[in-house]
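Data block below; observations after.
The values are calculated or read from the model by the stated rules, or taken from the named source; none is laboratory data. No experiment lies behind these values; they were computed from the predicted model shown. Here the Cβ positions follow ideal geometry from the backbone for every residue, glycine too, while neighbour counts run over all protein chains shown.
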Amino acid sequence: MRFDRVRLTNFKPYGDADVRLSEGVTVIHGLNGSGKSSLLEACFFALYGSKALDGTLDDVITNGEDETEVDLWFTHDGVSYHVSRRLREYDDRVDHDCTLEATAGGDLTRDGATAVRRFVTDLLRMDADAFVNCAYVRQGEVNALINASPSQRQDVIDDLLQLGTLEEYRERAGDARLGVEDVLNAKRAVLREKERRIEEKEERDLHDRLNGLESDLAELDEQVDHYEDQRDSARKTRSEAVETLSTYEEKRDELEAVESEIEGIETSIRETEQERETHRTAIGEARERIDEIESGIDEQLDAAGVETATAAAITDRRAELDDREAEIRAELDDVRVNAEAFRNQSETLSEKADDLAERAADAEREAERREEEAEAAAAEVEEHESSIEELREEAAGLRSRFENGKGDAETDGVDDDETVEETVNVGPDEAAGRRETLRERRGEARERIAELSAELKNARERVVDAEALLEAGKCPECGQPVEDSPHATGIDEDRERVATLETELSAARDRAERLDDRIETLDGLVEAADRLDEIDDTIGTVAERVEEKRTEASEKREAASEKRDEAGKLREQSEETREVAVEKREEAEASEKRVRELEAEIDAIEDARMSVSTVEERLNTISDLNERIERRREKRANLEEVNDERRDRLADKRDRRDDLREDVDEEAIETAKERREDAEDYIEQVTEELDRLDERRTELQNAIGGVRGEIAALEEFREERESLARTVESLESLHDETAELEATYGDLRAELRQRNVRELERTLNETFELVYGNDAYSHIELDGQYALTVYQKDGEPLDPEQLSGGERALFNLSLRCAIYRLLAEGIEGAAPTPPLILDEPTVFLDSGHVSRLVDLVEEMRGFGVRQILIVSHDDELVGAADELLTVEKNPRTNRSTVTREDVAGLDVASLADD
C-alpha cells in the first residue's frame, strides 16, 4: 500500500494544502510547531476518522473556521481508492460526512464514517490501534512497545499477526462452553424439579376427587333451577303493579310539570315588567346626562376658539391650529439651529483662545528652556577647552621623555671575546618594535644560559668522576690503571673546559641582565607612546565636541528668540479670538430667548387643541346617549309584546292543570304500591339465596377446574420431563464439542504463535545485526510470550530497559521495523502493508544512533518497503531522502504551507541554519 496524494482544507494549521507523495523515502522537514506531524495525522484521520484522534472532531478544524475537508488518494494491492471526509461545526455539534470509492482497478463505494472505517480495517487487516502499533511510530511514542508489559506486547503483536482473531474465537468457544454448561446445569435442575412435582401430584389421587366434586355440583344445579322459577313469578307480579303505577305517575308528573310551567310563566312576566321599568329609568337618566354635557360644551367654546359646537367648526379650528403650529415649528427649528451654531462657535472660539494662550505659554517656556540649554552648551565649551589644554600639557611632558636623552643603549655579544656597543635614540613609534627585538634577544640569551648551564654541569661531573678515578689509580677515560693508560692526561682538558664554560656563563648572565634593564626602560617608553596616541585621539574628539556645542549654543539662542516672537503673536490671536467668542455667545443667548417664546406659543396651541378635542368628545358622547335612548325604547316595546304572548300561554296551562287534577285516583295508586313492595321483598330474599348457591357453585366449579388443571399439568409435566431429558442429553453432547473446539483454537494459536515467534526473532535479529553488528551486543531472544532479552558479546543477558535512552529508542525502532517486515513478508507469502511512518524518530537519538537509523531506513528499503514517510529536521535523514517536503508557518496568518524541494541540488547545511 502507498499514499498517493493528500489534500487539506482548514485542517489544524493548514488553510489549503495539496501534496503528492511518491514511493521511496520522503522526509517532511520544518521548524518545530510548523505542522509537520499534522500532515501525517491528516492521512491517519482520512483512513480511520475519529478513532485516529486523541481529542474530539472539532479539534482538527482550524481556529476561526467552521468546517474542514480531508481527501486521501491511496493504492492498495493494485486498486486505487479515494477517501473524502468533511466536518462542519454548528450549534455545538460537528456533522461528519465521509465517502470512499475505488477510482481504478475496482468498482466499490462506501458512505458514512462507520462504513468507511470498517472497510479500511478489513482492507488493511488492522484497526487504528494496530496501525499505530505496526506502521505509524508517532512522536513521543517511540518506546511505547518496549515499555509495555509482556502481556500487553503479546496482545499487540498477536493482533497485528492476526492471532487475536484465533484468541477471539477461543474466547467465544470458551464463552459458548460456559454458556452451554450454565444452560445444562439449569436444565438438569429443572428436570429434577419436574420429577419431584410429578411424584407429588401422583400421590394426591386427582381423579377420585374430580368425581366427588362433579356429583355435588349436579345437586346444586337442581336447587338453583327451583329458586329461579319462583323468582320469575314474583317478577311478573311486580311488573304488573309497576305498569299500573306508571300510568298514574305519568299524569301526576304531567300535573306537576304544568303547575311548574305556570309558575315559571308568571315569574317571567313579572321579571319582564321589571326590565321594562329599568329601561324607562335609564332613558330618563340619559336625558339628564345630555343636558349636563350640553351646558359643559358652552363653557369650552371660548377656550377652543369656536363659536358653535358643530363638527364643521371643530374641523376648521383644528386645521387652523395645525397650520399655525407648522409655521411656528418651522421658525423654531431655524432658531434652534442658529442658537446651537452660535453656542458651538462661541465654545469653539473660547477653546481656541485657551489653546492659543496655552501655546503662547508653551512657546515662552520652550524659549526659556532653549536659553538654558544654550548656557549649558557654552559652559561645556569652556570645560572642554580646559580639558584640551590639560591633555596638551601632559603630551608635552611625555614627548620630552623621547627628545631629551638616550632612548636605548645595549651591549650585545657577537663572538666569544668580541662586543659591540650601540647607542640609538628611540622615537614613540619605534619603542614597541625595539622592545620586541630586545625581548627576542633576551630569549636567545636565556636559551644560551640554559645550554651553558647544562654543559657546565656535565663538564663538572666528568671532572669529579675523573678525579675519583685518579684517586683510585685508574684512567678517567678508559678505567684502566694509570700506568697502563695512554689517556691519563685528559682530565686537564676537562678542567680547562669547565673554566671556559664558567666564564661564558657569567658573560651570558650579564648580557641577560643588561637586556632586562633595557626592556624595563622600553616598557615605560611604550606606555608613554600608547598614552600619547590616546591623548591625540581624545583631543581630536573633544575639539569636535567643542565645535558641536558652540554651534548648538548659537542655534538654541536663535530658537529661543523665535519662540518668544511666536509667543507674542499667539497671545494677540488669543485675545482677538476671545472677543469674537463673546459676540457669538450673546447671539446664542438671543436665539435661545426666541426659542423659549416660540415653545410657549406651541404650548398655547396645544391647550387650544385639547379644548377642541374636549368639545368633540362631548358631542360624540351626546350622540352615543341619544342612540342608547332609542335602543332602550325599542327594547321596552319588544318586551311588551313578549309579555302579551306569555299571558296567552298562561291561560292555556291553567285549563290543562284543572283537567289533570280530575284524572288522578289515589286509592288505586296505594294498592299497586303494596303489591309491588311484596314482590320486591320476595325477589330480594330469593336473590340472596341464589347468590349463596351461585357462590357455592363457583367454588365447586373452581375446585373441579383446579383438579382438572392439576391433571393436565401432570400430563404436561410428564411431557416436559421427556423433552428435558432429551435436551439435557443434547446439551451434554454440545458441551463436549465446545470444550474440544476451545482447546483446538488454543492449540492452533499456540502453534501459530511459535511459528510467528521464530519468524519475528529471525527478522528482529537481522535488523538487530544491521543496527548493532559492531557493538557489544550479540543477538536477541524472543520467548513464546514475546518477552525480549538482549545478549552481550560475552553472553551476559540484558533486559531492553537496561539499555541507554538512545539505544532503547533505536532498539524499539528495530522491533517495530521487524514486525513491519514480518507483516510485509507474511508467514506464508507477501502481504500488502501500509507505508512505514516515523514521526520525529530522532528525539532520543544522538548523532551516532541517527546514523544507524539512516542505515535501518536504507535496509527497510532493501527489504522492499515501497514507501517510508519520516518527519524530522535531522540533516542525515534529510540527506537520505528521495523526496523532501518543507513545511513552513506564516507567523502573521498562523497558516502552514508545504513545498517540494529538489533533493539533487539541496544544501543540507542551509536547512540546518534555517
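For this structure, a couple of remarks:
- Cβ separations smaller than 9 Å between residues 6+ apart or across chains give the following pairs from the stretch 622-646 residues that are in contact (Cβ under 8 Å) with a residue 40 or more places away in the chain and more than 16 Å from Arg270 (Cβ to Cβ) to residues that are in a helix (DSSP H, G or I) and among the small types (Gly, Ala, Ser): Leu625/Ala286; Asn626/Ala286; Arg628/Ala282; Arg628/Ala286; Ile629/Ala282; Ile629/Ala286; Arg632/Ala282; Arg632/Ala286.
- Residue count for the stretch 261-295 satisfying the condition of being acidic (Asp, Glu), free of Cβ contacts under 8 Å to residues at least 40 places away in the same chain and under 25 Å from Asn626 (Cβ atoms): 5.
- Total residues in the stretch 328-377 satisfying the condition of being closer than 13 Å to Lys556 by Cα and surrounded by 17 or more Cβ atoms within 10 Å (Cβ to Cβ): the figure is 7.
- Of the criteria (1) among the acidic types (Asp, Glu); (2) in a helix (DSSP H, G or I); (3) at pLDDT below 75, which one Asp775 fails: (2)
- Residues satisfying the stated conditions in the stretch 32-56, i.e. free of Cβ contacts under 8 Å to residues at least 24 places away in the same chain and in a helix (DSSP H, G or I): none
- Condition check for Leu321: surrounded by 13 or more Cβ atoms within 10 Å (Cβ to Cβ), modelled with pLDDT of 85 or more and touching a Lys or Arg at 6+ places or on another chain (Cβ under 8 Å): no
- Condition met for Gln274 (assigned to a helix (DSSP H, G or I), surrounded by fewer than 16 Cβ atoms within 10 Å (Cβ to Cβ), more than 60 Å from the chain's Cα centre (by Cα) and polar (S, T, N, Q)): yes
- Selection status of Gly806, modelled with pLDDT under 75, of a type outside the set (Asp, Glu) and either assigned to a helix (DSSP H, G or I) or touching a Leu at 6+ places or on another chain (Cβ under 8 Å) (or both): yes
- Residue within the stretch 112-132 that is touching a Pro at 6+ places or on another chain (Cβ under 8 Å), at pLDDT below 90 and within 25 Å of Leu884 (Cα to Cα) present: yes
- Hey, Thr503 assigned to a helix (DSSP H, G or I), modelled with pLDDT of 80 or more, crowded, with 16+ Cβ neighbours inside 10 Å and among the hydroxyl-bearing types (Ser, Thr, Tyr) or not: no
- In the stretch 70-84, the residues that are of a type in the set (D, E, K, R) and modelled with pLDDT under 95: Asp77
- Applying a threshold of 7 Å to beta carbon distances and a minimum spacing of six or more residues, or different chains, the list of pairs starting in the stretch 15-31 at a residue that is at positive phi and ending at one that is assigned to a strand (DSSP E or B) and of a type in the set (Val, Ile, Thr) reads Gly30/Thr886; Gly30/Val887.
- Members of the stretch 77-126 found to be of a type in the set (Phe, Trp, Tyr), over 15 Å from Arg2 (Cα atoms) and over 26 Å from the mean Cα position of the chain (by Cα), listed by number: Phe119
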